[in-house]
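The values are calculated or read from the model by the stated rules, or taken from the named source; none is laboratory data. Quick caveat: nothing in here was measured; it's all calculated off a predicted structure. Cβ coordinates were reconstructed from backbone atoms using ideal geometry, including for glycine residues, and neighbour counts include every protein chain displayed.
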Amino acid sequence: MRRILISSVAALALCGVAGAAVAQNAPAAATAPAQSEDARLAAWFEAAYQARLALSPQGMTSMGMKTDYDKLDDNSPEAQARSMAMAEAQLAELKSSFDVSKLSPQNQLSVRLFEYQVQQGRLSDQWRDWGYQFAANGNPTTGLPVFMINNHRVDNVSDAEAYVARLADTERYMGQVASTLRERTAKGIVSPIFVFEPSFANTRAVIAGAPFDGGAENPVWADFQKKVNALSTDQATKDRLLASAREALTGPYKRGFETVLVALGEAQVKADSNDGVWRLPDGEAYYNARLQLSTTTTLTADEIHNIGLAEVARIQKDMEKIKEQVGFTGSLQEFFTFIKTDPQFQYPNTPEGKEAFLTDARGYVNRVMEIAPQWFSILPKAKLEVRAVEPFREATASIAFYNRPAPDGSRPGIYYMNLSDMTQVLKPQVEGISLHEGAPGHHFQIAYAQEMEGVPSFRRFGGYGVYSEGWGLYSEQLGKEMGFYQDPYSDFGRLSTELWRAVRLVLDTGLHAKRWSREQAMDYFRQNSLLSERDIQKEVERYITNPGQATSYKIGELKIFELRRKAQAALGDKFDIRDFHTVVLGSGAVPLQVLEEQVDAWIAHGGGQPAL
């Protein structure tokens, strides 16, 4: 309720309503039609969301549903066209069926956000074929096993049979991946050279081990066995299920991935560059679209580049102060080298070292949970776990990332860390990364949004990366105020992760708009960051294959801090950090312009504790 009314206050400003006092003083009879229209719209929004969700069996599974539990998604161009056509039809129906002036401010905001979502979808769909299926930080061949292991629950025999059906459906699913890969290759949309070897290795790993060969058990096969053996059913039924899974894995499942390997080989022959997307047909226009989608702003590549340069300079000044504090007499670059190479700042490259990292990360998350009520009025109910990335996808997994929880509580939020090489994991950075990926970062924002009441599902489960990643980076800096980073080296690590995101603004635009080479970008990273050599390579390659996305972090964080300073200046003693966080989080992941308007409305309303 509290969150709903916060959004309503903001929406008053957005939609031109005269003010809250006018609405409160209106006769009761005058509000009845609006309430009726609001109820009708709420039902419409839910039906529209469920219709879109029904297009994705895997999406429904991720939401904890078991509808079409035996199917995988349709990844064909025809299916993508049907999805876009449905979005357009829904928007037309929304506009023709509801009088926005009769809706509550909250629902007026929802209508606005629904239309904005479709507009962004149009832009994304326009450039759909320019995307790289196989990127430096993920691909569809490793994504499917992760989905089956993490999302497909087996509570009974029927669920196990659905699991087997999905294994068999992999041949069709991967056939579509291969077809799209060939179509895009024919259009000149070919992944950079560096993508192919790890993509081959990861795809082969998916079909390695028992029951495919004599090696250790394949993760999917091990997962299925574990889930089936836990069922309360007779052994004969379990044997039947295991035999059918083995047949599906060694048959259609394996053939599907082999089809992709053939298509990858054909595309690799055409790969002749590691440059940014400027090299693609209409590459400049594509990159401009990606910046708009990634930031929800009209900032140009040059503007973002310059913001990055300014932020790099500012953060490095703060780093110089810590360098002097600890008595290091060399240059900042020499201090980077010292921290990256001195054993005191590394975990042992052993199973024990990996467990030590996980223990430390869990400790930071637990400490946030203890003190969070001092900083947040409402906390997410979903649990949060810290896990290492599974070995079979380490080569293309990001350094760290968050997986959202299932709405029904059957799956927790998961903060993943890539621990493939512990010599590259720096102790001073663990606090900042844990606060970003775990709490109060992505978990507080994403799980919080999912649990909002009275807000349409498309807002609770959708949103914009510039907001989500901006919040994650804001959370790293908030940790300083919350009492973290007491050790100066850890505080330096905090600054290093912020610097990392500032460097992203420079490099993403440098690679795609200013035609920097991969090597030039990596050299800039070495001179201006604390990242390890392995992570520098992974990061630069990620920017090359996912243009624009890396700009979202800093652009979003800068906006949140700008709005906080604005609120503090305007409200003075009335400013309460808990209320500010409730306003920022109160409507889910919204475009930055909408976020600014919400905070402005809260300020105009006088700040203080949002009305219940």
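Looking only at the range 52-67, count how many residues are surrounded by fewer than 18 Cβ atoms within 10 Å (Cβ to Cβ), free of Cβ contacts under 8 Å to residues at least 24 places away in the same chain and not hydroxyl-bearing (Ser, Thr, Tyr).
Total satisfying the criteria: 3.
What is the number of the single condition among (1) touching a residue at least 40 places away in the same chain (Cβ under 8 Å); (2) surrounded by fewer than 17 Cβ atoms within 10 Å (Cβ to Cβ); (3) farther than 30 Å from residue 551 by Cα that residue 273 does not meet?
Only one criterion is unmet by residue 273, namely (3).
Could you say whether any residue in the range 152-175 is outside any helix (DSSP H, G or I), within 22 Å of residue 258 (Cβ to Cβ), aliphatic (A, V, I, L, M) and out of contact with any Gly (no Cβ under 6 Å at 6 or more places or on another chain)? Give the derivation first.
Residues of the range 152-175 that are outside any helix (DSSP H, G or I), as a first pass: 152-156.
Add one more test, that the residue is within 22 Å of residue 258 (Cβ to Cβ), and what stays is none.
The answer is no; no qualifying residue exists.
So, residue 249, is that one part of a helix (DSSP H, G or I) and closer than 26 Å to residue 544 by Cβ or not?
Numbers: part of a helix (DSSP H, G or I): yes; closer than 26 Å to residue 544 by Cβ: no.
It is false that residue 249 is part of a helix (DSSP H, G or I) and closer than 26 Å to residue 544 by Cβ.
Hey, any hits in the range 199-213 for a residue that's surrounded by fewer than 19 Cβ atoms within 10 Å (Cβ to Cβ), touching a Phe, Trp or Tyr at 6+ places or on another chain (Cβ under 9 Å) and not in a loop (DSSP other than H, G, I, E, B)?
yes
Working only within the range 174-198, note down all residues that are surrounded by fewer than 18 Cβ atoms within 10 Å (Cβ to Cβ) and of a type in the set (S, T, N, Q).
Answer for the range 174-198, where residues must be surrounded by fewer than 18 Cβ atoms within 10 Å (Cβ to Cβ) and of a type in the set (S, T, N, Q): just 179.
Among what's in the range 542-576 and is in contact with a Phe, Trp or Tyr (Cβ under 7 Å, 6 or more places away or on another chain) and small (Gly, Ala, Ser), pick the residue that is nearest to residue 287 (Cα to Cα). Walk me through it before giving the result.
Residues of the range 542-576 in contact with a Phe, Trp or Tyr (Cβ under 7 Å, 6 or more places away or on another chain): 545, 547-548, 550, 556-557, 560-561, 564, 567-568.
Remaining after also requiring small (Gly, Ala, Ser): 548, 550, 556, 567.
Numbers: 548: 7, 550: 12, 556: 19, 567: 34 Å.
Filtering first and then ranking leaves 548.
Among the residues in the range 386-394, are any of a type outside the set (S, T, N, Q), more than 20 Å from the chain's Cα centre (by Cα) and assigned to a loop (DSSP other than H, G, I, E, B)? Steps first, answer last, please.
The first filter runs over the range 386-394 and keeps only residues of a type outside the set (S, T, N, Q), leaving 386-394.
From what is left, the residues that are more than 20 Å from the chain's Cα centre (by Cα) are 391-392.
With the extra rule that they be assigned to a loop (DSSP other than H, G, I, E, B), the set shrinks to none.
No - not one qualifying residue is present in the range 386-394.
To keep it simple, each residue is scored yes or no on (1) over 30 Å from residue 388 (Cα atoms); (2) in contact (Cβ under 8 Å) with a residue 24 or more places away in the chain; (3) touching a helix residue (DSSP H, G or I) at 6+ places or on another chain (Cβ under 8 Å).
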residue: 114; (1), (2), (3): yes, yes, yes
residue: 119; (1), (2), (3): yes, no, no
residue: 124; (1), (2), (3): yes, yes, yes
residue: 162; (1), (2), (3): no, yes, no
residue: 174; (1), (2), (3): no, yes, yes
residue: 182; (1), (2), (3): yes, yes, yes
residue: 186; (1), (2), (3): yes, no, no
residue: 209; (1), (2), (3): no, no, yes
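Residue-wise test of (1) touching a helix residue (DSSP H, G or I) at 6+ places or on another chain (Cβ under 8 Å); (2) of a type in the set (Val, Ile, Thr); (3) surrounded by fewer than 18 Cβ atoms within 10 Å (Cβ to Cβ); (4) assigned to a strand (DSSP E or B).
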residue	(1), (2), (3), (4)
368	yes, yes, no, no
371	yes, yes, yes, no
381	yes, no, yes, no
416	yes, no, no, yes
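Which numbered condition trips up residue 26, out of (1) more than 28 Å from residue 462 (Cβ to Cβ); (2) modelled with pLDDT of 90 or more?
Residue 26 satisfies every listed condition except (2).
Filtering the range 132-156 down to residues that are among the small types (Gly, Ala, Ser) and either at positive phi or surrounded by fewer than 18 Cβ atoms within 10 Å (Cβ to Cβ) (or both), which residue is modelled with the lowest pLDDT?
Kept after step one, since they are among the small types (Gly, Ala, Ser), are these residues of the range 132-156: 135-136, 138, 143.
Going one step further and asking which of them are either at positive phi or surrounded by fewer than 18 Cβ atoms within 10 Å (Cβ to Cβ) (or both), we end up with 138, 143.
Values: 138: 80, 143: 92.
It comes out as 138.
Go through the range 67-100 and count every residue that is hydroxyl-bearing (Ser, Thr, Tyr) and closer than 14 Å to residue 51 by Cα. Give the steps one after another, and end with the answer.
Of the range 67-100, the ones hydroxyl-bearing (Ser, Thr, Tyr) are 67, 69, 76, 83, 96-97.
Keeping just the survivors that are closer than 14 Å to residue 51 by Cα gives 67, 83.
Matching residues across the range 67-100 total 2.
What number of residues within the range 545-563 are out of contact with any helix residue (DSSP H, G or I) (no Cβ under 6 Å at 6 or more places or on another chain) and of a type outside the set (S, T, N, Q)?
In the first step, residues of the range 545-563 are kept if they are out of contact with any helix residue (DSSP H, G or I) (no Cβ under 6 Å at 6 or more places or on another chain); the result is 545-546, 558, 561-562.
Next, from what is left, pick out any that are of a type outside the set (S, T, N, Q): 558, 561-562.
Number satisfying all stated conditions: 3.
Can you list residue pairs whose Cβ atoms sit under 6 Å apart, with the first residue in the range 144-159 being in contact (Cβ under 8 Å) with a residue 60 or more places away in the chain and the second being of a type in the set (Lys, Arg)? Count only pairs 6 or more apart in sequence or on different chains.
Pairs found: 154/227.
Can you list residue pairs whose Cβ atoms sit under 9 Å apart, with the first residue in the range 346-369 being touching a residue at least 12 places away in the same chain (Cβ under 8 Å) and the second being assigned to a helix (DSSP H, G or I) and among the basic types (Lys, Arg)? Count only pairs 6 or more apart in sequence or on different chains.
Note: pairs meeting the criteria are 346/340; 346/427; 347/354; 347/427; 348/354; 357/427; 360/427.
Give the residue, chosen from 431, 437, that is farther than 20 Å from residue 589 by Cα, surrounded by 23 or more Cβ atoms within 10 Å (Cβ to Cβ) and among the charged types (D, E, K, R).
So the residue among 431, 437 that is farther than 20 Å from residue 589 by Cα, surrounded by 23 or more Cβ atoms within 10 Å (Cβ to Cβ) and among the charged types (D, E, K, R) is 431.
So, in the range 509-531, of the ones that are among the small types (Gly, Ala, Ser) and surrounded by 18 or more Cβ atoms within 10 Å (Cβ to Cβ), which residue ends up nearest to residue 338 (Cα to Cα)?
As a first pass, look at the range 509-531 and keep what is among the small types (Gly, Ala, Ser): 510, 513, 517, 521, 529.
After this cut, where a residue has to be surrounded by 18 or more Cβ atoms within 10 Å (Cβ to Cβ) as well, the list is 510, 513, 521, 529.
Numbers: 510: 28, 513: 33, 521: 22, 529: 12 Å.
That would be 529.
Can you work out which of the residues in the range 395-414 that are outside any loop (DSSP other than H, G, I, E, B) and touching a Lys or Arg at 6+ places or on another chain (Cβ under 7 Å) is surrounded by the most Cβ atoms within 10 Å (Cβ to Cβ)?
From the range 395-414, those outside any loop (DSSP other than H, G, I, E, B) are 400-403, 413-414; that's our starting set.
So of that shortlist, the ones also touching a Lys or Arg at 6+ places or on another chain (Cβ under 7 Å) come out as 413-414.
Details: 413: 23, 414: 19.
Per the criteria, the residue is 413.
Can you pull out every residue in the range 476-489 that is among the small types (Gly, Ala, Ser) and buried (at least 17 other Cβ atoms within 10 Å of the Cβ)?
Of the range 476-489, the ones among the small types (Gly, Ala, Ser) are 479, 483.
Hit for the range 476-489 is 479, nothing else.
Please find, among 222, 243, the residue that is at pLDDT 95 or above, assigned to a helix (DSSP H, G or I), in contact with a Gly (Cβ under 9 Å, 6 or more places away or on another chain) and surrounded by fewer than 21 Cβ atoms within 10 Å (Cβ to Cβ).
Numbers: 243 fails: in contact with a Gly (Cβ under 9 Å, 6 or more places away or on another chain).
Going through 222, 243 in turn, the sole match is 222.
Answer with yes or no whether residue 498 is of a type in the set (D, E, K, R) and over 14 Å from residue 585 (Cβ atoms). Don't jump to the end; show me each part of the working.
On the way: of a type in the set (D, E, K, R): yes; over 14 Å from residue 585 (Cβ atoms): yes.
Spelling it out, residue 498 is indeed of a type in the set (D, E, K, R) and over 14 Å from residue 585 (Cβ atoms).
Is it the case that the range 603-610 has a residue that's at pLDDT below 95, among the polar types (S, T, N, Q) and under 25 Å from residue 447 (Cα atoms)?
yes
Hey, which of the helices (runs of 4 or more DSSP H) in the range 447-566, taking only ones fully inside, have at least 3 residues that are under 20 Å from residue 435 (Cβ atoms) and under 18 Å from the mean Cα position of the chain (by Cα)?
On the way: elements: 457-460, 465-482, 488-512, 518-528, 533-545.
The helices (runs of 4 or more DSSP H) meeting that bar are 465-482, 488-512.
Return the only residue of 357, 392, 335 being at pLDDT below 95 and surrounded by 17 or more Cβ atoms within 10 Å (Cβ to Cβ). Give the derivation first.
Numbers: 357 fails: at pLDDT below 95; 335 fails: at pLDDT below 95.
From the options 357, 392, 335, the qualifying one is 392.
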